[in-house]
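Engineer: My questions all concern the structure below.
The values are calculated or read from the model by the stated rules, or taken from the named source; none is laboratory data. Predicted model only: the values in this text are computed from it and were never measured. Positions of Cβ are backbone-derived with ideal geometry, glycine not excepted, and every protein chain shown enters the neighbour counts. These accessible areas exclude ligands, DNA and RNA; they are computed on the full protein's heavy atoms, side chains included. Shrake-Rupley method; radii C 1.70, N 1.55, O 1.52, S 1.80 Å.
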Amino acid sequence: QVQLVESGGGLVQAGGSLRLSCAASDNIFSFNALGWYRQADGKQREMVARIYRSDNTYYADSVKGRFTISRDNAKNTVYLQMNSLKPEDTAVYYCRADLVGVYWGQGTQVTVSS
């Protein structure tokens, strides 16, 4: 059973930055993929960014050029650097790990004020 713990959320003004962290209880080097997803009030959860074992990355069109996903295998942690934040980025952000199964963190709230 893999446990994921997100941190780094908060309240920020539009145009600001935040960095989210997701600490895993297991060796992330062996994970097939890690990702960040978000869910805004009244909306479905959507993919934000993913990083694969090959280090290839994939981003939603809405965050390309503003967000960067990265990982530190030594710390078993994946990050999401979010720059130029917009009010529409407001959501609960979830970390996801893909192994044989799929694991989710508990989420961290990001609120961007206009």
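Engineer: Which one of these does residue 2 not meet: (1) assigned to a loop (DSSP other than H, G, I, E, B); (2) farther than 17 Å from residue 104 by Cβ?
Structural biologist: Among (1) assigned to a loop (DSSP other than H, G, I, E, B); (2) farther than 17 Å from residue 104 by Cβ, residue 2 violates only (2).
Engineer: Kindly provide the set of residues from region 70-85 that are under 10 Å from the mean Cα position of the chain (by Cα) and open to solvent by 20 Å² or more (accessible area, probe 1.4 Å), ordered by number.
Structural biologist: If the condition is that a residue be under 10 Å from the mean Cα position of the chain (by Cα) and open to solvent by 20 Å² or more (accessible area, probe 1.4 Å), then 70, 79, 81 are the ones that fit.
Engineer: Still on this structure, please answer the following. Yes or no: region 86-109 includes at least one residue that is part of a helix (DSSP H, G or I), touching a strand residue (DSSP E or B) at 6+ places or on another chain (Cβ under 6 Å) and surrounded by fewer than 18 Cβ atoms within 10 Å (Cβ to Cβ).
Structural biologist: The answer is yes, given that some residue of region 86-109 is part of a helix (DSSP H, G or I), touching a strand residue (DSSP E or B) at 6+ places or on another chain (Cβ under 6 Å) and surrounded by fewer than 18 Cβ atoms within 10 Å (Cβ to Cβ).
Per-residue answers, yes or no, for (1) open to solvent by 40 Å² or more (accessible area, probe 1.4 Å); (2) modelled with pLDDT under 95; (3) hydrophobic (A, V, I, L, M, F, W, C):
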site: 29; (1), (2), (3): yes, yes, yes
site: 38; (1), (2), (3): no, no, no
site: 49; (1), (2), (3): no, no, yes
site: 54; (1), (2), (3): yes, yes, no
site: 57; (1), (2), (3): yes, no, no
site: 60; (1), (2), (3): no, no, yes
site: 65; (1), (2), (3): yes, no, no
site: 68; (1), (2), (3): yes, no, no
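Engineer: Could you check region 32-65 and list, in sequence order, the residues that are in a loop (DSSP other than H, G, I, E, B) and acidic (Asp, Glu)?
Structural biologist: Across region 32-65, the qualifying residues are 41, 55, 61.
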